[in-house]
1. Would you mind listing the strands (runs of 3 or more DSSP E) fully within region A:96-192 where at least 1 residues are closer than 17 Å to A:I6 by Cβ and without any contact (Cβ under 8 Å) to a residue 40 or more places away in the chain?
2. Taking only pairs six or more apart or across chains, which ones have beta-carbon atoms under 6 Å, a first residue in region B:166-182 that is under 15 Å from B:A198 (Cα atoms), and a second residue that is of a type outside the set (A, V, I, L, M, F, W, C) and not in a strand (DSSP E or B)?
3. Mind listing whichever residues of region B:178-194 are surrounded by fewer than 20 Cβ atoms within 10 Å (Cβ to Cβ) and either in contact with a Phe, Trp or Tyr (Cβ under 6 Å, 6 or more places away or on another chain) or assigned to a loop (DSSP other than H, G, I, E, B) (or both)?
4. When region B:45-88 is examined, which residues are found to be assigned to a loop (DSSP other than H, G, I, E, B), more than 11 Å from chain A (Cβ to nearest Cβ) and acidic (D, E)?
5. Could you run through region B:145-178 and say how many residues are within 13 Å of chain A (Cβ to nearest Cβ), charged (D, E, K, R) and within 18 Å of B:Q296 (Cβ to Cβ)?
6. So, B:P42, is that one surrounded by fewer than 17 Cβ atoms within 10 Å (Cβ to Cβ), in a helix (DSSP H, G or I) and at pLDDT 90 or above or not?
Amino acid sequence: MAVQGIWSGTISFSLVAIPVQLVKAVEPGRVSFRMLHSKDYSPLRRRMFCPEEDRVVPPDEIIRGYEIGPDKYLVITDEELESVSSARSRTIEILEFIDMKEVDSIYYDHPYYLVPSKGGEKAYQLLLEVMRRTHKAGLAKFVLGEREYLVAVKSTEGALALITLHYSEEILPAGDITPKREKIDAEDKVRIRKDIKKMMADFNPGKYADERRKKIVALLKRKVKEKAPVEAPEAEEEEGEGPADLVAALKESMGKVKKSR
Amino acid sequence: MSRKVVEIAGRRLSLSNLEKDLYPSYGFTKAHILEYYRRIAPFILPHLRDRALTLKRYPEGVEKDFFFEKRCPSHRPEWAKTAEVIPDEGEQMTVCLVNDLETLMWVENLASLELHVPLARTGSPETPDSMVFDLDPGDQANILDCARVALILRDLLSRLRLASCLKTSGKKGLHVYVPLNRKETTFEDTKKFSRAVAKIMQNNYPDLVTVKMAKEYRKAKVFINWSQNDSSKTMVCVYSLRAREKPVVSFPLAWRELENLAGKGDPEKLQVMHSEAVRRAKKQGDLFREVLVKKQRLPHL
């Protein structure tokens, strides 16, 4: 299968190196809308605005500041930021293996699939099979885009998945919201247990769908039939006819074409 | 629902609803459609190869609703080739690659009457293999006006030492392709070039040509749509059927043929029907082959 992933490199640990590609595992089904100007249906654009000068600020006048107090900032340059960023990973270096059952779902951030690249199929299958049987996952540090992620490599649905995990400092302490312990009657406990047992089912996510999304799609389908879509005015054309050399050549050629016709 | 299991190249494929008439006012069933694509396969497959297919499906026939499908349906057979593409806007997706007869038969079994593909292959999504001029007649203009514009365009391009190929859109227009097939070419190049060409055409033939998309400017004129030269756009593939009243094909024409037909004054003469398409392709070979192989460099950029 010709797969073109988000990232390609190798998974490695001890003496094993498996060439893989990273591909998305989920596709949020959100219906997104463009913001339009109600008068002429022009698609609107976001601009950075300076309230002090009451004007739109061009990109070359925009810098970063870290807010340390009211109206107080530390200015951080691109170079400074770059100097502390890790280089893009070429490998997913597994640092340790853990039992996936120990990872609370609160740590799960975003799932991806890993697919074997050419030559990696056998080693990939081997790792997949062992992980599937043992419920073990490999923990690794991995730089994707600008961020360095903590990731778990585990088996899912017949493939290796890479799950980005939250760092522990991102997890908010539950302390403040954990309710006080109350005394619990044994009888109540039994009752709740029974209720839950009665409602037990196999996890079958296919039964559920995003109803709002379905309705929006149906609404859009109806609309496209009932009403012609509105059209945005044509974007203002760039100045000029094109590259000067080309325009000159075209003018000359067009003269000849007209003469010969 | 009737089903028939066929085996192609050792792969089993279950075909359904073969007797369903998808062109009811003409009388052309799913079986006819599969048969057309089977016979035209040697000609169309090289043009579909390794390109992200957009399916345009007409499950209830050409007179009823259709829908576009850019993602390769998840219920595809395991042997169907796919690629992952990341569009400029939006999320990564899996697309179908129609590289063999069995996949072509499978997508046609989905009533994907029209096959639309981008100007670039999935392996090099930013490299157009050709530059296209989509000639689309406005109200009160017709394919003969497109033919006039196409012939001027051909002459203009050939003065710049660029050979071009022509096909009917299978609807009302004509498509002029300039083969490039150089890995250095970008969509930025083809956009810049085609835009300049379209503008000079408009400036010199203001009563015949417009580059403005809005309907009111297109009246009685031919709209040269140069903006199809974009990685996100697709064109109907040469030899694809079109979903009109009759099973008309987007078919390549020799320039000489267009010269002859343009003078005859009958717009219908330029349209090529399914059976004629197969017969002519077998006799004359693939008139669109240069689009895939001829290397040309856009000058003056």
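The values are calculated or read from the model by the stated rules, or taken from the named source; none is laboratory data. Computed from a prediction, not measured in an experiment: that's the story for all the values here. Because the Cβ atoms are built from the backbone with ideal geometry, glycine has one as well, and the counts that use them run over all protein chains shown.
1. On the way: elements: A:108-116, A:136-144, A:147-156, A:159-165.
Hits in region A:96-192: A:147-156.
2. Pairs that qualify, where the first residue is under 15 Å from B:A198 (Cα atoms) and the partner is of a type outside the set (A, V, I, L, M, F, W, C) and not in a strand (DSSP E or B), are B:H175/B:S169; B:V176/B:S164; B:V178/B:S164.
3. If the condition is that a residue be surrounded by fewer than 20 Cβ atoms within 10 Å (Cβ to Cβ) and either in contact with a Phe, Trp or Tyr (Cβ under 6 Å, 6 or more places away or on another chain) or assigned to a loop (DSSP other than H, G, I, E, B) (or both), then B:N181, B:R182, B:K183, B:E184, B:T186 are the ones that fit.
4. Residues satisfying the conditions are B:E60, B:E63, B:D88.
5. 4
6. yes
Listed here are the residues, each with its yes/no results for (1) within 21 Å of B:R297 (Cβ to Cβ); (2) assigned to a loop (DSSP other than H, G, I, E, B); (3) more than 15 Å from the chain's Cα centre (by Cα).
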site	(1), (2), (3)
B:L104	no, no, yes
B:S112	no, yes, no
B:H116	no, no, no
B:A141	no, yes, yes
B:S158	yes, no, yes
B:R161	yes, yes, yes
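For every residue, the table says whether it meets (1) more than 14 Å from chain B (Cβ to nearest Cβ); (2) among the polar types (S, T, N, Q); (3) under 30 Å from B:V197 (Cβ atoms).
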site	(1), (2), (3)
A:P173	yes, no, no
A:D176	yes, no, no
A:R191	yes, no, no
A:D195	yes, no, no
A:L219	yes, no, no
A:V224	no, no, no
A:K227	yes, no, no
A:L250	no, no, yes
A:S260	no, yes, yes
